[in-house]
Amino acid sequence: MSSQGAPIREADLVSSVADALQYIAVFHPPSFVRSLAAAYEREESPAARDAIRQILINSRMAAFGRRPICQDTGTVNVFVKLGIGARIETARPLTDLINEGVARAYTDPDNPLRASIVRDPLFGRTNTGDNTPAVVHFDVVAGDALTITVAAKGGGSENKAKFANLAPAASVSDWVVETVETLGAGWCPPGLLGIGVGGTAEKSMMMAKEALLEPIDMAELLRRGPSSPIEEMRLEIHERVNALGIGAQGLGGLTTVVDVKIRSHPCHAASKPVGLIPQCAADRHLTFTLDGSGPARLTPPDLSLWPELDMGEQSAGVRRIDLDRLTREEVATWRAGETLLLSGRMLTGRDAAHKRIVDMIRRGEPLPVALKDRAIYYVGPVDPVREEVVGPAGPTTATRMDGFTDLVLDATGLLVMIGKAERGPAAIESIRRYGAAYLIAVGGAAYLVSKAVKAARVLAFADLGMEAIHEFVVEDMPVTVAVDAEGNSIHRTGPSQWRRPAVTVKGSVPV
């Protein structure tokens with residue numbers, strides 16, 4: 001180190017955390033971009049190929065425009081490795097310095113990031129306004145440096161985390177594959193799987209999350225072959241999960257995961273704790289080291305890394321829809337799997353707005369907006385900057401709105417819902433019964449989607465911040481019909497069409 005033993009200044013730590021969070025908000029790790037580009041080239045499913053193309057275009061636009069990849073800029077996870085000889089020039093707790101960096105990053109006027117953290121998880125659930133506090137983990141290690149990894153974990157993928165304490169003789173691979181098949185598309189594939197085996201309940205989940213921070217190397221592993229039982233297990237799970245046919249956004253296709261990461265730890269002889277955490281297409285993390293020589297120096301990736309793709313292939317021959325002249329008769333002609341380009345006025349509203357709407361309906365109160373024959377987009381956008389009409393505005397997981405769907409369709413005459421991931425059986429039946437439709441925009445393409453929004457204004461529930469009801473005026477916003485008016489679901493038919501037998505990995509061992 002250039003200045004071994006020098007104290008690490010408080011200001012350097014705070015600014016480095018802030019800079020790192022801004023960095024990961026706009027740049028995918030290079031290994032993820034390369035893996036996704038390779039998945040795009042080999043994808044045979046038209047719907048999945050189009051979704052991956054949108055994610056890649058969005059990633060490139062975010063990198064060039066220095067705006068968030070995804071509107072869900074995540075819960076901040078911070079992993080601190082504190083050298084036993086490190087000296088930090090501060091009288092404040094290290095967690096306070098980290099949270100100051102988080103607040104600075106998320107309230108940066110040049111690139112504000114969406115604040116998603118609520119202070120009280122049980123009752124009030126009021127937003128903290130600056131995405132603090134972070135979830136911070138400490139490990140004291142040898143040396144005199146401070147190494148910090150920051151990650152931003154979106155709610156859609158975090159909500160799909162799973163834990164099981166298997167019998168010692170049970171197959172981890174079988175449990176992982178069976179579990180992934182039940183997760184649906186709310187975690188926004190294609191992405192990664194982090195798996196932790198051993199230790200205790202909390203240790204296995206920590207290992208699963210930390211495993212996601214490793215560089216993607218599945219292509220190299222496939223090329224050279226496994227050299228250990230863990231690598232054989234990684235290959236086996238990678239092959240078997242992709243053989244499920246889930247595909248990008250759950251539309252059916254060849255690639256559901258680009259890599260599988262596994263960590264293990266000794267455990268009690270009576271136990272086999274297993275943690276599984278999926279990582280969505282907004283893969284965001286960065287590691288830096290402070291040694292007293294100044295703040296972290298972060299070099300942007302080479303922008304030639306991204307493939308130059310455009311939306312021309314998608315736009316050719318698709319149906320254009322005028323939302324201002326939407327009728328139930330027209331919606332009845334849409335078919336699951338069909339691509340549409342939406343133009344006109346749509347409303348927005350997600351969990352908190354739906355809760356208020358339903359409460360008002362049950363109390364017999366008039367709603368602040370008319371929903372009859374309209375489309376509502378499940379989104380919580382990032383605040384706009386400079387000339388933007390709206391910041392990144394990708395869809396949120398529609399499944400969370402399933403409990404509100406029947407009453408809202410019945411009481412309001414709402415015609416179209418737009419989100420991401422699948423709908424449950426009850427919601428699909430309500431869509432069929434009321435002759436409505438559910439469309440999906442691509443999760444992981446938030447900046448791209450925002451460019452289709454030409455005007456935006458808040459109509460109701462302004463106190464809810466990003467969860468307020470907005471009215472967007474959109475032009476050629478790309479969507480796929482996920483559930484049509486007859487109740488047909490692309491999330492059922494797509495994966496079943498692309499499901500295939502898994503190829504046994506040579507030399508694999510039972511685990």
Legend entry - Residue ID - surrounded by the fewest Cβ atoms within 10 Å (Cβ to Cβ), chosen from residues in region 66-81 that are part of a loop (DSSP other than H, G, I, E, B) and not aliphatic (A, V, I, L, M): R66
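Conditions tested, residue by residue: (1) over 25 Å from A421 (Cα atoms); (2) of a type in the set (D, E); (3) touching a residue at least 40 places away in the same chain (Cβ under 8 Å).
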| position | (1), (2), (3) |
| --- | --- |
| V274 | yes, no, yes |
| A282 | no, no, yes |
| L290 | yes, no, yes |
| P307 | yes, no, yes |
| T348 | no, no, yes |
| D351 | no, yes, yes |
| K355 | no, no, yes |
| V358 | no, no, yes |
Legend entry - Index of the failed condition, V358 passing every other in (1) surrounded by 24 or more Cβ atoms within 10 Å (Cβ to Cβ); (2) in contact with a Phe, Trp or Tyr (Cβ under 6 Å, 6 or more places away or on another chain); (3) not small (G, A, S): (1)
Legend entry - Residues of region 209-224 that turn out to be open to solvent by 20 Å² or more (accessible area, probe 1.4 Å) and more than 22 Å from N77 (Cβ to Cβ), as a count: 5
Inset, instruction - Please give the strands (runs of 3 or more DSSP E) falling wholly within region 91-185 in which 3 or more residues are within 30 Å of C267 (Cβ to Cβ) and open to solvent by 30 Å² or more (accessible area, probe 1.4 Å). - result: 135-141, 162-166
Inset, instruction - Assess whether R53 counts as being open to solvent by 20 Å² or more (accessible area, probe 1.4 Å), basic (K, R) and not assigned by TED's automatic domain parsing to the domain that holds C188. - result: no
Inset, instruction - List every residue pair whose Cβ atoms sit under 8 Å apart, with the two residues 6 or more apart in sequence or on different chains, where the first one lies in region 158-169 and is farther than 24 Å from A185 by Cα and the second, anywhere, is of a type in the set (S, T, N, Q) and assigned to a loop (DSSP other than H, G, I, E, B). - result: N165/S271; P168/S271
Legend entry - Residue list for region 208-220, filter: in a helix (DSSP H, G or I) and over 12 Å from H137 (Cα atoms): A208, A211, M218, A219, E220
Inset, instruction - Mind listing just one residue for me: the one in region 399-423 that is free of Cβ contacts under 8 Å to residues at least 60 places away in the same chain and small (G, A, S) and, of those, surrounded by the most Cβ atoms within 10 Å (Cβ to Cβ)? - result: G419
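Residues are listed down the side, and each one gets a yes or a no for (1) at pLDDT below 95; (2) closer than 20 Å to P190 by Cβ:
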{"site": "L409", "(1), (2)": "no, no"}
{"site": "V416", "(1), (2)": "no, no"}
{"site": "P425", "(1), (2)": "no, no"}
{"site": "E429", "(1), (2)": "no, no"}
{"site": "L439", "(1), (2)": "no, no"}
{"site": "G443", "(1), (2)": "yes, yes"}
{"site": "A452", "(1), (2)": "no, no"}
{"site": "L459", "(1), (2)": "no, no"}
{"site": "P495", "(1), (2)": "no, yes"}
Legend entry - Selected residue [hydrophobic (A, V, I, L, M, F, W, C) and either open to solvent by 10 Å² or more (accessible area, probe 1.4 Å) or outside any helix (DSSP H, G or I) (or both)] from A63, A38: A38
Legend entry - Odd one out for M206, checked against (1) touching a Ser or Thr at 6+ places or on another chain (Cβ under 9 Å); (2) of a type outside the set (V, I, T); (3) crowded, with 18+ Cβ neighbours inside 10 Å: (1)
Legend entry - Candidates S293, S264, filtered to the one that is open to solvent by 20 Å² or more (accessible area, probe 1.4 Å), in contact with a strand residue (DSSP E or B) (Cβ under 6 Å, 6 or more places away or on another chain), modelled with pLDDT of 95 or more and small (G, A, S): S264
Inset, instruction - Residues being open to solvent by 70 Å² or more (accessible area, probe 1.4 Å) and in a helix (DSSP H, G or I): count how many of those fall in region 471-492. - result: 1
Legend entry - Selection from region 454-470 of residues that are of a type outside the set (A, V, I, L, M), in a strand (DSSP E or B) and either more than 24 Å from the chain's Cα centre (by Cα) or outside the structural domain of P384 (by TED's automatic domain parsing) (or both): K454, R457
Legend entry - Which numbered condition L303 fails, given (1) of a type in the set (A, V, I, L, M, F, W, C); (2) outside the structural domain of I490 (by TED's automatic domain parsing); (3) free of Cβ contacts under 8 Å to residues at least 24 places away in the same chain: (3)
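The values are calculated or read from the model by the stated rules, or taken from the named source; none is laboratory data. Here the structure is a predicted model, which is why all the values come from computation and not from measurement. FYI the Cβ positions are ideal-geometry reconstructions off the backbone, even for glycines, and counts take in every protein chain you see. What goes into the accessible areas is simple: the full protein's heavy atoms, side chains included, and nothing from ligands, DNA or RNA. Shrake-Rupley method; radii C 1.70, N 1.55, O 1.52, S 1.80 Å.
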